[in-house]
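I have placed the structure first, in the form of structure tokens, so that the comments after it can refer back to it.
What follows is calculated from the coordinates using simple rules that are stated; it is not laboratory data. The structure displayed is predicted, hence computed values, not measured ones. Neighbour counts run over all protein chains shown; Cβ positions are idealised from the backbone, glycine included.
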Amino acid sequence: MARNNAAHRANGGSSSTTMPNGLPDPTAASSSSTTNANARSRRTTATTKSSNAGTHVRPALFSPAGLALLAVQTFFALATPIFGLAVLVVSKGGNVIKSLTAHPTAGPLINPALDLLADFVTYHRGIFATVFVAPASVAWDAVEALRDWMYDLQMPPVGDVSVRREIHAARVVQVQRQIRELVAGGATRLCTARPGFLAMSMKAGTYKKHWGGVEVHALRDIVEIDTVRQIVRVEPGCNMGRLSRELIKKGWTLEVLPELDDLTVGGLINGFGIETSSHKYGLFQHTCTAFEVVLPSGDVVFCDKDNNVDLFATIPWSHGTIGFLTAADIKIVRAKPYVRMEYHPCRTQAECVRVFEEASRDNGNDFVEELMYTKDTGVVMVGKMVDAVPRGGTVNVLSRWYKPWFFTHVASFLNRPAGTPNAVEYLPLRDYYHRHTRSIFWEIQDIVPFGNTWWYRYFVAWVGTPKISILKMTTTGKLKVLWETMHVAQDLLVPISTLKESLDLFHDELTVYPLWLCPMRMLSPPENLLANRGERPAVAVLDRTHPQHAFHPVTTPAGSLTPPHPAEQLFVDCGAYGVPKSPKFHFERSLEVVEEFVRKVQGYQALYADTMLTRAQFREMFDHRLYDKVRDRFQVGSLLPEIWDKVNKGARS
Ligand SMILES: NC(=O)C1=CN([C@@H]2O[C@H](COP(=O)(O)OP(=O)(O)OC[C@H]3O[C@@H](n4cnc5c(N)ncnc54)[C@H](OP(=O)(O)O)[C@@H]3O)[C@@H](O)[C@H]2O)C=CC1
Ligand SMILES: C=C(/C=C/[C@@H](C)[C@H]1CC[C@H]2C3=CC=C4C[C@@H](O)CC[C@]4(C)[C@H]3CC[C@]12C)C(C)C
């Protein structure tokens, strides 16, 4: 099978190649329009074929009850755009209104009205989120679901993937074309065209306003599900909500499926993705087996453990600073319908650390997570996928609108008298994965403070859950200041051996509870790969079936922002989301102190969050050796600046 070779192309070589698994090389297409036309014509043929064959199962969009609910929600949603527009204006959108408000006669009339509106949106956030953000979110999701459903409807029967591959290939050509046109048009820097308010972080990159934007998130579909190779090939704009829905329906799931519905494959690979199965499988990117990338030169490169392995190892964490990811192969595993969840309430800090660590080291557990509620109390949750609920077992369908927020449900187990056996319940698998979506972890309590009362849950919560992106989009200037000075959303990845020390420091500096603890195997993605390039000695081969494999000493290869702990593989993601209660708390100073600690213990800062690190400190925290080489090899130049240029404090607002 011919392989793509970026270096060859960079030297002016041309080739007609085939990507692995028969994926046609998009660069081989004579022109994008021809490819599109081909794809379109094949799509038509395929549609006919599928309806003739009668084997194509069309997914039911909504149940009758769901449709009724949707109708009411859509009614609410109709009012939303008008109000949303006004809010956008208040939060500095819309040049027309700006000029109107500057007008000597119109200004004095409009400005007070806008101020009033802004105050309402700021100080009555709960009402605003309920009456406008939630229905708008439902409408948004419904439109997306409709689009995805219609796309899937056009597709040929399961098993025939050629049409999807063709469509994907045509889309990649469009990405190539965009890059070439942007560069020819004088763009000196490139980033994705994804608007900042859609990104799963508190802030948006200021560079989005000035750099050339490449539309890659429009590539948002599943290209194929290969149950023989146990791989799903997916485009970068596909989100976790859609992926979990499609896979679980077919009896499969991802090894690591991050919990918020709107997280995208592209963002999770180029940033980092974690879930409660990460103690077993590592980060989201560690479960990927291949990437397709369009370089700033416009060339397409395929990489995996056998081809361009250096690129393969470097794409994770690179934040789009090597190329644009257009597809990824991700491992899938058999899904079981339920998660048997055991809640271990812990009443001392030592117990919180011990029970969590024991559970994290046991690969017999499919999911491990802890929520700390105070410095000394927490609940460790241990989940195992099961085929059925035993007689007498309690099923908890968490996604029902009237259910209490998950973190409050978990806290209730601390009220049980010490000595009572651990509580066990059975959660439908998809409900388990998205358990923190409805309450946005626990951030919703600061947005809709009355959202967990019985009357709200039963009579109002059916309206829907506010989407993070619409909350971001409707953040007023005053709110922004409040969020920036009085709130944190930070994840710090520390070796498990430093957990107690980390908890003490976080308590001292931040005092944010609940505090999220999630174990993770910190491996260089991929293991064992760079050894044959003579960078470092070969790493020990990991045996995933070994119950204690997380503790096999492994020499991680150099580069790819890898951890400097040869023998330390188990890390903990400590996630502090909320309003710090520590009297010491001062946003910038506290962040500096915490980051200093993380550097000391050779941990990592999650880069979706704020960082105060200087370029030098950043390079110290993340090993850039391989990264620099790869950027040189693929002649990235200044078109894609370094990671720090995209994540430093000044690059986001
Ligand atoms: N459980 C979890 O793992 C959670 C993770 N997160 C964080 O959220 C982020 C993911 O959020 P999401 O909104 O999906 O992603 P974002 O839009 O925030 O993208 C994250 C980074 O990846 C880059 N990127 C995204 N797609 C591509 C692509 N196709 N090619 C090249 N670069 C790309 C972006 O570049 P650019 O700036 O140019 O757009 C950006 O630097 C992750 O970084 C993750 O750490 C948040 C919540 C939970
Ligand atoms: C990285 C992890 C989890 C992170 C989440 C808890 C945060 C990621 C993005 C955060 C948010 C973005 C924008 C918001 C709009 C504001 O108006 C309100 C706050 C928020 C909803 C905010 C809340 C926290 C996040 C969702 C882990 C799992 C690795």
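Which cross-chain or sequence-distant (5 or more) residues have an amide H under 5 Å from the amide H of residue 339, H modelled 1.01 Å from N in plane?
Amide H neighbours of residue 339: 386, 427, 429.
Using only the alpha-carbon atoms of the stretch 338-438, report the extent along each of the three principal axes, biggest first, to the nearest angstrom.
Ordered largest first, the stretch 338-438 gives principal extents of 33, 30, 26 Å.
Would you mind computing, in nm to one decimal, how far apart the modelled labels at residue 358 and residue 638 are, each placed 7 Å from Cα along Cα→Cβ?
5.8 nm
How large is ³J(HN,Hα), in whole Hz, for each residue of the stretch 427-434 in order, when computed from phi with the Karplus curve 6.51 cos²θ - 1.76 cosθ + 1.60 and θ = phi - 60°, using x for Gly and Pro?
So the J values, rounded to whole Hz, are 10, x, 3, 5, 4, 4, 4, 9.
Quick query: amide H of residue 623 versus all other amide H atoms, modeled in the peptide plane; which residues come in under 5 Å with a sequence gap of 5 or more or a different chain?
561, 562
Once a ≥ b ≥ c are taken as the square roots of the eigenvalues of the Cα gyration tensor of the stretch 602-653, is the result rounded (a/c under 1.5), prolate (a/b larger than b/c) or oblate (a/b not larger than b/c)? Each step should come with its number before you reach the end.
Values: a/c = 2.56, a/b = 1.40, b/c = 1.83.
Because a/c hits 1.5 or more and a/b fails to exceed b/c, the stretch 602-653 counts as oblate.
Rounded to the nearest whole Å³, what is the per residue volume of the convex hull around the Cα atoms of the stretch 258-312?
Taking the convex hull of the Cα positions in the stretch 258-312, it is 87 Å³ per residue.
What residues qualify as long-range amide H neighbours of residue 224, i.e. H under 5 Å apart, gap of 5 or more or another chain, H built at 1.01 Å from N?
The list, which skips near neighbours in sequence, is 233.
Net charge around residue 440, counting only other residues with Cβ within less than 11 Å of its Cβ (Lys, Arg = +1; Asp, Glu = -1)?
Spelling it out: positives minus negatives among the neighbours equals -3.
Tally Lys/Arg at +1 and Asp/Glu at -1 over every other residue whose Cβ is under 12 Å from the Cβ of residue 618; what's the total?
0
Just in the stretch 344-436: which trypsin sites (Lys or Arg not before Pro) are loop by DSSP and have at most 13 other Cβ atoms within 10 Å?
The qualifying sites are 347, 391, 400.
What percentages, rounded to whole numbers, describe P(r) for the stretch 110-179 computed over all alpha carbon pairs with 5 Å bin width beginning at zero?
P(r) over the stretch 110-179, rounded to whole percents: 3, 13, 11, 11, 12, 10, 8, 8, 11, 8, 4, 1, 0.
Taking square-rooted eigenvalues a ≥ b ≥ c of the alpha carbon gyration tensor, is the stretch 123-225 rounded, prolate or oblate, where a/c under 1.5 means rounded and, failing that, a/b exceeding b/c means prolate?
oblate
Using the Karplus equation 6.51 cos²θ - 1.76 cosθ + 1.60 (θ = phi - 60°), what ³J(HN,Hα) coupling, rounded to whole Hz, does each residue of the stretch 502-519 give in order, writing x for Gly and Pro?
Running phi through 6.51 cos²θ - 1.76 cosθ + 1.60 with θ = phi - 60° gives 5, 4, 5, 5, 4, 5, 4, 7, 10, 6, 10, 9, x, 10, 8, 10, 9, x Hz.
Which order do peptides 471-480, 235-244, 450-459 fall in by mean Cβ count within 10 Å, highest first? Display every interim value, and only then the final one.
Numbers: 471-480: 18.6, 235-244: 22.8, 450-459: 14.3.
Those peptides, ordered most packed to least, come out 235-244, 471-480, 450-459.
Let me check I've understood the local charge: for residue 456, count other residues with C-beta under 13 angstrom from its C-beta, Lys and Arg +1, Asp and Glu -1. What total comes out?
+3
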